[in-house]
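Please read through the structure below; I'll follow up with questions.
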Amino acid sequence: MEVIIRPTAEMAAELVARLVCGRLRSKPDLVLGLATGRTMERVYDRLVATQRSEGLDFSHCRTFNLDEYIGIPAEDDHSYRYYMNHHLFSRINIDVSNTHVPDGMAADLRAETARYERAIREAGGIDVQLLGIGEAGHIGFNEPLSALMSRTREKALTPITRQQNAAMFGGDPNKVPKRALTMGVGTILDSRELLLLATGSAKASILAKAVEGPITAMISASAMQLHSNCKVIVDEEAARDLKERDYYNWIFQNEPEWEEFQD
Ligand code: GLP
């Protein structure tokens, strides 16, 4: 795992977007795993800006989202399908039929999760998976005690997650759905590269536990430590509780890979 600390949330998101753009340039039919949440909005704005300024081509790119609420139709502005269309897909030259979000309205949810796993496999697996982190330590909607080998399935959301996401539901946690479909921790770990972005002081404590604490099913983001190609990109605020900050900064300043990203 590598941890990169940028001074601001804007700069952290910019670095993630630049990495994604680089991967897409070298592999136009990239299979890109996507995440939702407020943290990712800056990344998607950057991808849109790069497509406009440099003609970045998404026409062969395939995408798979981490998760979706159960019982919210795609056209509803609370659904993650709506979020993706709004923040990214409608603003770039992607073929919407190449974009995949689990169907939280499927009549048979178990069949839908099996279909989703199959679709990822048939696309050749995920090249790069974007991740945020929830305040309960989840990646996707892998709430505490999610098996580290879990696959795409239905999960009940914890009160802390429903509280965290209440802002998108008029501030009322009771309006946040109780259940969601999510890629499993094992599904996420199968991706060839993981890029986790965390910004803001609300994420500082859980991020330090996920990165520097023990691997535990109680904090599904800690499973990133098992992955051999994983970058955690944070701003100063989210980095606050990391003990080895100086070491991470030294690596960033000295590794040739990061030379083009220096200020
Ligand atoms: C939701 C999503 C997660 C995301 C998290 C962080 O719970 N299911 O995939 O990482 O939100 O959200 P935010 O970026 O708004 O803090």
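Does the range 193-222 hold any residues that are farther than 21 Å from Lys155 by Cβ, within 14 Å of the ligand (Cβ to nearest atom) and open to solvent by 10 Å² or more (accessible area, probe 1.4 Å), and which are they?
Once the filter is applied, which keeps residues that are farther than 21 Å from Lys155 by Cβ, within 14 Å of the ligand (Cβ to nearest atom) and open to solvent by 10 Å² or more (accessible area, probe 1.4 Å), the range 193-222 yields Thr199, Gly200, Ser201, Ala202, Ser205.
Continuing with the same structure: Scanning the range 82-115 for residues that are open to solvent by less than 40 Å² (accessible area, probe 1.4 Å) and within 16 Å of the ligand (Cβ to nearest atom), which turns out farthest from Phe169 (Cα to Cα)?
That would be Thr113.
Same structure, new question: Being open to solvent by less than 20 Å² (accessible area, probe 1.4 Å) and either of a type in the set (Ser, Thr, Tyr) or not in a loop (DSSP other than H, G, I, E, B) (or both) is the filter here; which residues of the range 120-162 pass it?
Answer for the range 120-162, where residues must be open to solvent by less than 20 Å² (accessible area, probe 1.4 Å) and either of a type in the set (Ser, Thr, Tyr) or not in a loop (DSSP other than H, G, I, E, B) (or both): Ile120, Val128, Gln129, Leu130, Leu131, Ser146, Ser150, Thr152, Thr161.
A quick yes/no check of all residues on (1) in contact (Cβ under 8 Å) with a residue 40 or more places away in the chain; (2) open to solvent by 20 Å² or more (accessible area, probe 1.4 Å); (3) over 22 Å from Ala123 (Cα atoms); (4) in contact with a Phe, Trp or Tyr (Cβ under 7 Å, 6 or more places away or on another chain):
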position	(1), (2), (3), (4)
Pro7	yes, yes, yes, no
Ala12	yes, no, yes, no
Ala35	yes, no, no, no
Met40	yes, no, yes, no
Val43	yes, no, yes, no
Val48	yes, no, yes, no
Leu56	no, no, no, no
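Testing Trp250 on (1) closer than 24 Å to Met11 by Cβ; (2) at pLDDT below 95, one condition comes back false. Which one is that?
Unmet condition: (2).
Related question: Going by what's in this entry, would Ala166 be described as at pLDDT 95 or above and in contact with a Gly (Cβ under 8 Å, 6 or more places away or on another chain)?
no
Now, a different point. Give the number of residues within the range 163-192 that are assigned to a strand (DSSP E or B) and within 12 Å of the ligand (Cβ to nearest atom). Lay out the reasoning, then the answer.
Within the range 163-192, the subset assigned to a strand (DSSP E or B) is 179-182.
Restricting the remaining residues to those that are within 12 Å of the ligand (Cβ to nearest atom) gives 180-182.
Of the residues in that region, 3 qualify.
Among residues belonging to the range 147-160 that are at pLDDT 95 or above and within 11 Å of the ligand (Cβ to nearest atom), point out the one that is farthest from Arg38 (Cα to Cα).
Lys155
Of everything in the range 54-75, what is away from the ligand (no atom under 16 Å from the Cβ) and among the acidic types (Asp, Glu)? Give them in sequence order.
At the first step, the residues of the range 54-75 found to be away from the ligand (no atom under 16 Å from the Cβ) are 54-62, 73-75.
Correct list: Glu54, Asp57, Glu75.
For the range 45-53, state whether one or more residues are of a type in the set (Val, Ile, Thr), away from the ligand (no atom under 16 Å from the Cβ) and more than 30 Å from Arg162 (Cα to Cα). Step through it out loud before you land on a result.
Our first condition is that a residue be of a type in the set (Val, Ile, Thr); within the range 45-53, this holds for 48, 50.
Of the ones still in play, those that are also away from the ligand (no atom under 16 Å from the Cβ) are 48, 50.
After this cut, where a residue has to be more than 30 Å from Arg162 (Cα to Cα) as well, the list is 50.
Yes, because at least one residue in the range 45-53 is of a type in the set (Val, Ile, Thr), away from the ligand (no atom under 16 Å from the Cβ) and more than 30 Å from Arg162 (Cα to Cα).
Scan the range 227-256 and report the pairs whose first residue is on the phi < 0 side of the Ramachandran plot and whose second residue is open to solvent by 80 Å² or more (accessible area, probe 1.4 Å) and not β-branched (Val, Ile, Thr), with Cβ atoms within less than 8 Å and a gap of 6+ or a chain change.
His227/Met1; Asn229/Arg192; Cys230/Met1; Lys231/Met1; Val232/Met1
Could you check the range 88-145 and list, in sequence order, the residues that are in contact (Cβ under 8 Å) with a residue 12 or more places away in the chain, of a type in the set (S, T, N, Q) and farther than 15 Å from Leu181 by Cα?
Asn93, Asn98, Thr99, Gln129, listed by residue number.
The values are calculated or read from the model by the stated rules, or taken from the named source; none is laboratory data. Remember, it's a predicted structure, so these values are computed and weren't measured experimentally. As a convention, Cβ positions derive from the backbone with ideal geometry for all residues, glycine included, and neighbour counts pool all protein chains shown. The accessibility values were calculated without ligands, DNA or RNA, using every heavy atom of the protein model including side chains. Shrake-Rupley method; radii C 1.70, N 1.55, O 1.52, S 1.80 Å.
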